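J.: This structure is in structure tokens; I'll ask about it shortly.
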Amino acid sequence: MSDWLVLPILLPIIGAGLSIITGRVRWLQRLIGLSVLTVMMVFSVLLLVEVDRDGTIATQVGAWPAPIGITLIADRFAAIMLVLACLMLLTVLVYAIGQPGAERNHVGFQSVYLILAGGLCATFLTGDLFTLFVSFEVMLTASYVLLTLGARRAQVRAGMTYVVISLLSSTLFVTAIALVYTATGTLNLADLSGKVGDLPGGVRMAFSVLFLIVFGIKAGLFPLFFWLPDSYPTAPSPVTAVFAGLLTKVGVYAIIRVETLLFPTSRPTTLLLVLAGLTMLVGVLGSIAQDDFKRILSFLIVSSIGFVVMGLGFFTVAGIAAAIFYVVNHIVVKTALFLTGGLVEHVGGSSLLLGVGNMVRTAPVLAVLFAIPALSLTGVPPFAGFVAKFALVDSGFGTGEYIVVGVSLLVSLLTVFSMTKIWSGVFWSPAERVDDMPPAAGHHAGRIGGPVLMVVPTAALVAVSVAIMVLAGPLFALSERAARDLLDPSNYVQAVLG
Amino acid sequence: MNVTLAATAALLFGFGTYLVLQRKLSRIVIGLGILAHGGNVLFLASGRPGLPPFVGTGSRREFSDPLPEALILTAIVISFAVTIFLLALAYRSWVLTGDDEVEDDIEDRRVAAGLRTDEEVGDEATAISESIVEDER
């Protein structure tokens, strides 16, 4: 299996090339995209099963030995993220094909989307810092194109902010890599894990903060989140769904990977906990102020990043396991919410809370598709979001960090408020028309609430979120095993260096 | 570390930061380019610069480390590509608004007052009308 680790990176890139060649034959192009992502999905599930059974597997690309060559490695955490990424990419691609808009208007959509998929998978599988940088860039460059597809004025404006901020963080990343290489003479994460510990305390601290800034920008951590709610809502809704579900989580993944592997501690990290608390609070307060449901949801992405970083900040098996479980649930739920948001916009003709209304009668299916992930996101029992938040709070009490736990509970309450705002604005209240607004160009909802290819993937994701609730026990046990791997890097190091 | 290289990198970072803080996208692009150069020069300083990487034979001390140079090359290619994308974005902005100034977040101001038309739906409407035209053909 280890020789096949390169498949989730190579396959989408080759698929992207074929996709460009077959651009004029749309059915063939779609077939390529869907089959590539299906193969990746099957592969990633097989990989997760094998990694969970036999432990971490690694391979050296080009057979150069470990500290010199490019290492690809899959431990439980990486495999879990890979499965989720492939699942989201596949369902959202079906949705994009079903939606009149981005995918139909732009021949290049499929190939750029596949490149994004390749970059994402490479980020999860890479075992050295520079390859991490390159994978980030592959993924981000694809995301620039997807974000500005159509090149409307709002998109160009948001794209400028997004590209400039991302490029700035990439430059900082190169600088951080340069400094790490100067100090240690290696960029292989497993090799670094042994060598960073020998550096003087001040240098280690500087590296730790530098990486936190670099990945914090990508993850949307306070105070580096401001670009996120500004840029995400302007993209076509399937693109926003993928960005919301996966792109910020890549930043979080990198934070968790680097913090546990290079800068391990045995005590809760005050810096991370303070940042986590502020991220949660600012995100949810921002969401309450908005009156456009896409922007409300975008601010809530920021808020949820805080929850994950809080789990990491505790630096206990329970805390990190809860963080992983939270990420798993959140990716599914957030993507589902954005897909439902796209459907609401399709039917109602607007993403403003004032512009749409009364959907519980006109499109009852959409109300259900919104209600289930929304309840899960806010953490209402018995949904999986409740299990994740309960585990986070429990692990917080275990380490005695009562303040940040208190903040997280307050934030959960406020999340309920902002979700209620969407619910009453979109589904219950009658649609209000304001004079200077043009009439909404909505579509008839039909029996199931929209085009079949849009509703089915959304419903599938909602079903997955329910499945996470039903299988919470085994999934949480898996998260715990992954957390144990993360806190004890010896398996990781041994798999790479032998 | 070589002091000249370190000072050069520091200067480049300074210039770059100043330019990135401007409002015009064209200046930001130049600033980002200079920043990237700063990072690359810093990287170069880590590999005993000034010596040849792979020429002839000799002891290890007579060669510079080729790895940073290889990595810098990759970083240059990436920043080159993204810079071109940014320039295209600046041009598009100029076509749309007659300026390449990075605008404020309009939505943020709208939250206080005012409304907007929904443009993605416009995109969908275009798609539908185009497909109708195709069907008619």
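The values are calculated or read from the model by the stated rules, or taken from the named source; none is laboratory data. Quantities reported herein were computed from a predicted structural model and do not represent experimental measurements. Cβ placement follows ideal geometry from the backbone for every residue including glycine, while neighbour counts extend to all protein chains displayed. Heavy atoms of the whole protein, side chains included, go into the accessibility calculation; ligands, DNA and RNA do not. Shrake-Rupley method; radii C 1.70, N 1.55, O 1.52, S 1.80 Å.
J.: What FRET efficiency do you get for B:Leu21 and A:Val466 if R0 is 60 Å and r is their Cβ-Cβ distance, rounded to the nearest 0.05?
T.: Efficiency, rounded to the nearest 0.05: 0.80.
J.: Okay, next question. For labels at A:Trp428 and B:Asp99 in the simple 7 Å Cα→Cβ model, what's the distance in nm?
T.: 4.3
J.: Can I ask one more? Keeping all protein chains in place, calculate the accessible area per residue for the protein assembly as shown (probe 1.4 angstrom), answer in Å².
T.: That works out to 38 Å² for each residue.
J.: Among the listed pairs A:Lys218/A:Lys294; A:Lys334/B:Lys24; A:Lys249/A:Lys389; A:Lys195/A:Lys249, give every one whose C-alpha distance is greater than 23 Å.
T.: A:Lys334/B:Lys24; A:Lys195/A:Lys249
J.: Find which of A:Gly283, A:Ser231, A:Leu261 sits farthest along the positive direction of the dipole of segment A:215-311, computed with +1 on the beta-carbon of Lys and Arg, -1 on that of Asp and Glu, about the Cα centre.
T.: Farthest along the dipole direction, towards plus: A:Leu261.
J.: Going by average Cβ neighbours within 10 Å, how do the peptides A:193-199, A:383-389, A:220-226 rank, with the highest at the top?
T.: Ranking, from highest mean packing down: A:383-389, A:220-226, A:193-199.
J.: I need the fraction of alpha carbon pairs in chain A separated by more than 40 Å, rounded to a whole percent.
T.: 16
J.: If the chain between A:Leu487 and A:Met1 were fully stretched, how many nm would it gain, using 0.36 nm times the residue separation less the Cα-Cα distance?
T.: 172.5 nm
J.: OK, next. Could you size up the charge dipole of chain A around its Cα centre, putting +1 on the beta carbon of Lys and Arg and -1 on that of Asp and Glu, and report it in debye to the nearest 20?
T.: About 860 debye.
J.: Next up: Compute accessible area for segment A:88-107 by itself and then with all protein chains, 1.4 Å probe, and report residues whose area falls by 40 Å² or more.
T.: Output list: A:Pro100, A:Asn105.
J.: Could you tell me the total accessible area buried at the B-A interface, probe 1.4 Å, in square angstrom to the nearest hundred?
T.: That pair of chains buries around 4700 Å² in total.
J.: Is there a quick way to get the dipole size of segment A:24-165? I mean about its Cα centre, with the Cβ of Lys and Arg at +1 and of Asp and Glu at -1; what is the value in debye to the nearest 20?
T.: Charge dipole of segment A:24-165: 840 debye, to the nearest 20.
J.: Round to a whole number: what % of the accessible area of the protein assembly as shown belongs to carbon and sulfur, probe 1.4 Å?
T.: 69
J.: Just to be sure I understand the interface: list residues from segment B:28-45 that lose 30 Å² or more of accessible area between the chain on its own and the complete protein assembly, 1.4 Å probe.
T.: Flagged in segment B:28-45: B:Leu32, B:Leu35, B:Leu42, B:Phe43.
J.: At 222 nm, what helix-only mean residue ellipticity would chain A give, in deg cm²/dmol to the nearest 500, using -39500 (n - 2.57) for each DSSP H run of four or more?
T.: -24500 deg cm²/dmol
J.: Work out, step by step, the length gained on full extension between A:Asp394 and A:Leu31: first 0.36 nm times the residue separation, then minus their alpha carbon distance; give nm to one decimal.
T.: Length gained between A:Asp394 and A:Leu31: 126.1 nm.
J.: Leaving ligands and nucleic acids out of the surface, order A:Val466, A:Val49, A:Val92 by accessible area at 1.4 Å, largest first.
T.: In descending accessible area the options line up as A:Val49, A:Val466, A:Val92.
J.: Normalised by the number of residues in chain A, what is the relative contact order in percent for Cα pairs under 8 Å and 6+ residues apart?
T.: 17
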